[in-house]
Each structure stands twice: as structure tokens, then as C-alpha cells.
Amino acid sequence: MADNHDATNSLRSWNQADGKEVKVTKLEPRPERRRRLLKQCGLVCMASMGHISIGATLPWPSPALSDIAVNNATLVGTEITLTSLQKDMTGSLVSLGYLFGAWIAGWIVSLLGRRRSLQVFVIPYLCGWLLNALAPNPEVLLFGRFVLGLACGSTTVAASSYVLELADADVRGMMATMPTVGIVVGGLYTVGMGYALQWHHLALVCAVPPILLLIITFFLPSSPSFLVIHGRRQHALQILRKLRGPYADIEEEVSDLERKNLSSIADGQVGWRAILKPDVLKKVAVLVILFFFQQLCGNYVFMIMTARVLAAAGAPWDPDAATVVVAAIRVAGTLVAIFLLDYAGRKLSLIISHAINCMSLIILGLYVFLTDKASYDDDTYTRYNWVPLICVLITMFVLNIGAHPVPFILATEYFPTNIRAQASSICFSSGTIFSFLSLQLYSPMQEVMTQAGLYWFYASNRCDDTISMKNSIASPRPYPVTGKKNGSVKGCKIIHCE
């Protein structure tokens, strides 16, 4: 009773300060709320199997290229040899496919809905992994990577929107981090398996997460927002009652969605046309800038080319073994982000992430520079060969508490339901273009700038991003909870993130 009394008092005092009255008829008991949120968390984790599939795809080149260097026999009896350019393309072609996949998904998701779209997107996953496993030559291998990119881009648009629409408003920040957890878990799965399996067998094993995704989708509910927009009101009410519980005003939530949809149609602002509104374009521009700094800071280079980076920097461990440790560190960073993003906010998390990464990359570049300049018989720096490994571990940990997850979260939070799929696909596509450039230009930039210069280039971009972050992102603020601003009264704090 004390908890309920405190929650009610805090709600009343906030309303008085805001000068607005909110009608509260019931207060959900905390045990009931915990059970309901655990159920939501379970559904979000199941839906995040799509992001596990993405995570399993992205770092495949790291263990695969190391294995191809010593065992280039294929399953069809030929031998495969990759040039430096083709090695870069094993990562960059996924990003290129991701670009087209994100654009295609904006239309498919609006037509079929989030859940059915995820089922359709399993097909390119399976085709891509079969092409990789059975590739007789580099061309087929690279085409398979492009097909996998199509699947990843499509899945990102569908799954990110779906997760956001399942969760209560006051826990969306935490729930929206679960897809990032799925990506890093998928990455750990791939590099862990890659340490023990040959590259073609690894490709077959990586087809398991998409198969599980297909099975899981048959047990997931349809998106309530999608159902409302397509006139299936009663079905949406049934699903929302299960998600929000008996204490929530689901009629108001559905009515609000209907009002917004009708208003958009009346104004002629639906689908892609709504993107041209000035306030939407401003948000898109902010997110494009965030994705630019996310990728031009070496995010995907360190994620996908981990073994190559560690080997070039002279890390003391076997690069493939170290890659497994780095993947585990990424998981730890993402778990920290689940709590940090809600309590510290998106902006502060980004600033912390980029600032620490800037210092880490400066130190890494300095170590590589001094090592390259040292004479052949000077072993001063070899005694400190643990420095590059520590720097990479710090970089990957701190990346995942802000720089990596925040742009993806905001790409779905910033936009209303009627344009969320289209707007987020534009944002994801911009990130894909930048990641394609950073991966494809990794070897050429290393040759022109030197390895140390490349790390300092990444560090300078992080420094610029830290400075420019001050006015880029709106801070979270409370809203009165009537269903009109995506808030909810649950006997706890009320948070709405713009």
C-alpha cells in the first residue's frame, strides 16, 4: 500500500506543476506490472531473433577470412582465393545489400505488417548462407554476401518498428536496446563458432538463427499499430489488452492512433509524402548525421574486421581467439546500455561513448606509430603488445553503450506510426551507405594514411561528434498520460523520449 500511495502522490504533484489534470481511474499493482512487463520482455526477446540473425551475418568475414587464408578448399571441390579488395567486399557488400533491403522493406512492411514481413525476410537469409557455404569461387561468395545484406536491411526496418510498438512507453528505451543485444549475441555466436568450424561449415551454422526466427514469428502477436491503421480495430484491442493489462486505457490508445491516421490522410500526408514535412526532414537530417559519425568512426570496421585489425596492430593473442573475447565485450557493453540509456539519456550516452573512444583510438594510433618507427632490434614496444588489444576492447565496449545503439533506437522513436517504416528506412539506408564506404575504403585508406593515421582519422571524427552532440538530440521529457503522447500510468515514473 505504501508503494501505491507514494506513486499516486508523485503523479499528483507532477500534474500540479505542469498545470494539467490527468484522469487516473486505477493504479496497477506493482506485482501485476512486473509480470506484465516480463511478458513484454519475453516477446521483445523473441522478436529480437531477427537482430540475432543480423548479428550472425555481420562479423562472418572475421573468422571466415582467417580460415580461408589457411584452408581455401570449398565444399564443391574447388579452391577460393580472395584479393585485398575482395576481402573488403565481404563486409561492404553486406552494407550495399542492406541499403536496398531497407528501402524495399519500407514498402513491404507497410503492406504486410511487421510480423509477416519478418517471415518473408527469412528467404534471403537462407539463400545467402547457402550461396556462401557452397560458393565455388569469389564471385558467388560475394553475391551471397550481397543477398545477406538485403535480408539484414529488411529485417532491421521490420523488427525495430515491431519491438517499439510492443512495449509500454515508459520502458521503450530499455526494450529498444534489446535488438542491439540480439546483434551482439549473434556476433558472439558467429565468432565463437568460427573459432572451431571451417568457413563453409560456419556459413551453414549461421543459417540457424533465421530458421528459428521463422518458427518464432508464428507465436508472436501482430503489431497493434499496423492493425489500427488497416482498420482492424477489434483485433488491435485484443492484442493491446494482453500487452497493456486490465488497468490500461487501451480504448484511448487506439483512438489516438486512429485520430493521427485520419489526420494524416486528411492532410494528404501519408507514406512517403509525409517525409517531406519540414519537422520530419529535420529529424531525418539529425539521424543521418548520427549515422555518419557512427560509421566514419570505424564502428563496423572494428566489428567486422576484428581479426584483421588485431593482427595488423600486433595484438599478443591469436586474432581469432581475441575476436571471441571482443565479441563478449560487446555483449557486456550492450547489457550496460540497457540501463544506461534510460537513466543517463541518449545524448549523454552518446557523448560518453564517443569521448572515451576518441581517447582509446588516439592511444592505439600512437602505439602503432611508435612501433612502426622503432628499429628492428628495438623490443621496447613489443613488451607492451597488450596495448592494442586493450584499446580495441575499450573501443568495442564503449561503442555499444551509446554510439552503436542510439541512432538505431532514435530512428524508430522519432517518427509517428504512419511513416515510421518509411522514415526509419531512410535513416538506416544512410547508415548503410556510410558503413559501405568505411568498409570498402578500409584497405585503401590504410595504405594512404598508414594504420596509425587511419585510427587518428577515426578519433578525429569521434571528437567532432562529441562536440556537435550538444544540440543534436532532444532530451527526454515527461508528458501527461492520456494516450496522446505515448505515455502510460503504471505507478512508476512517466517518460516520453523525443
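Over segment 133-193, with every protein chain in place, what whole percent of the accessible area is carbon and sulfur at 1.4 Å, could you tell me? Provide the component values of the computation, followed by the final result.
Working: 1000 of 1250 Å².
Carbon and sulfur together cover 80 percent of it.
Using the per-residue mean of other Cβ atoms lying within 10 Å as a proxy for protection, in what order, highest first, do the peptides 141-148, 59-66 fall? Mind dumping the intermediate values first?
Values: 141-148: 23.2, 59-66: 25.1.
Sorting 141-148, 59-66 by mean packing, highest first, produces 59-66, 141-148.
Output the direction-averaged projected area (hull surface divided by four) of the convex hull of the alpha-carbon atoms of segment 190-341, in nm².
Numbers: hull surface 56.1 nm².
Mean projected area of the Cα convex hull: 14.0 nm².
Using 0.36 nm per residue of separation minus the Cα-Cα distance, give me the extension gain between Leu130 and Arg30 in nm, one decimal. Walk me through the intermediate numbers first.
Details: separation 100, 0.36 × 100 = 36.00 nm, distance 4.84 nm.
Computed gain between Leu130 and Arg30 is 31.2 nm.
Compute the length gained on full extension between Phe100 and Thr382: take 0.36 nm times their separation in residues and subtract their Cα-Cα distance, giving the result in nm to one decimal.
Values: separation 282, 0.36 × 282 = 101.52 nm, distance 4.48 nm.
Contour length minus the Cα-Cα distance gives 97.0 nm.
For Ile289 paired with Ser375, estimate the spin-label separation in nm (one decimal), with each label point 7 Å from Cα along the Cα-to-Cβ line.
Using points 7 Å along Cα→Cβ, the separation is 5.0 nm.
Ignoring ligands, DNA and RNA, what percent of the 1.4 Å accessible area of segment 342-421 is carbon and sulfur?
On the way: 2190 of 3260 Å².
The C+S portion of the solvent-accessible surface of segment 342-421 is 67 percent.
In whole percent, and with a 1.4 Å probe on the protein chains, what portion of the accessible area of segment 57-99 is carbon and sulfur? List each step's numbers first, then the result.
Numbers: 900 of 1550 Å².
Its accessible area is 58 percent carbon and sulfur atoms.
Tell me the label-point distance for the pair Leu85, Asp464, using the 7 Å Cα-to-Cβ offset, in nm and rounded to one decimal.
Here the modelled spin labels are 2.7 nm apart.
Label-point separation (nm) for Leu75 and Lys39, each offset 7 Å from Cα along Cα-to-Cβ?
4.2
Hey, can you rank 202-212, 440-450 by average C-beta count inside 10 Å, highest first?
Details: 202-212: 20.5, 440-450: 15.5.
The peptides rank, most packed first, as 202-212, 440-450.
Considering only C-alpha atoms, what is the centroid distance from segment 282-324 to segment 60-74, in Å?
If you average the Cα positions of each part, the centres end up 20 Å apart.
Using a probe radius of 1.4 Å on heavy atoms only, what accessible surface per residue do you get for segment 335-402? Whole Å² is fine.
Values: 3340 Å² over 68 residues.
I get 49 Å² per residue for segment 335-402.
In whole angstrom, how far apart do the alpha carbon centroids of segment 336-405 and segment 209-225 sit?
37
The values are calculated or read from the model by the stated rules, or taken from the named source; none is laboratory data. Note that the structure is predicted; figures quoted are calculated from it, not measured. Counting neighbours? That spans all protein chains shown, and the Cβs are built from the backbone with ideal geometry, glycine included. What goes into the accessible areas is simple: the full protein's heavy atoms, side chains included, and nothing from ligands, DNA or RNA. Shrake-Rupley method; radii C 1.70, N 1.55, O 1.52, S 1.80 Å.
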